[in-house]
Amino acid sequence: MNKMVGAAAFKAHCLRIMEEASRSGETVVITKRGKPFMELKRVEPEQRRPLFGCMKGTIEILGDIEGPAYDKPWNAELGILGDED
């Protein structure tokens, strides 16, 4: 059953009405001049996924991740990939 409250009463007792609706889970219908104007209802909290392990199964390793990145050796003096001597 929905609770109906006039707009003036809601304005005067807003926080108390919100607390009661949150606690009971009941929808409050706010009326203007006797006609339904707005509904106030509790928002259910969303389930949070755990932070640790949330990326499990989303990464695919292709190839050798420990070996050299290039076939040619790195020339540290020139800062480029060089030819083997």
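The values are calculated or read from the model by the stated rules, or taken from the named source; none is laboratory data. Source: prediction; values computed, not measured. Ideal geometry is used to build each Cβ from the backbone, glycine not excepted, and the neighbour counts take in all protein chains shown.
The residue that is modelled with the lowest pLDDT, among those in the stretch 35-59 that are loosely packed, with under 10 Cβ neighbours inside 10 Å, under 25 Å from the mean Cα position of the chain (by Cα) and of a type in the set (D, E, K, R), is R49. Right, V5: under 27 Å from the mean Cα position of the chain (by Cα), modelled with pLDDT of 85 or more and surrounded by 10 or more Cβ atoms within 10 Å (Cβ to Cβ) or not? It is false that V5 is under 27 Å from the mean Cα position of the chain (by Cα), modelled with pLDDT of 85 or more and surrounded by 10 or more Cβ atoms within 10 Å (Cβ to Cβ). Can you find even one residue in the stretch 48-71 that is free of Cβ contacts under 8 Å to residues at least 24 places away in the same chain and within 30 Å of I17 (Cβ to Cβ)? Yes, there is a match, as at least one residue in the stretch 48-71 is free of Cβ contacts under 8 Å to residues at least 24 places away in the same chain and within 30 Å of I17 (Cβ to Cβ). For the stretch 23-38, taking the residues that are in a strand (DSSP E or B) and of a type in the set (D, E, K, R), the one that is farthest from K11 (Cα to Cα) is identified as K35.
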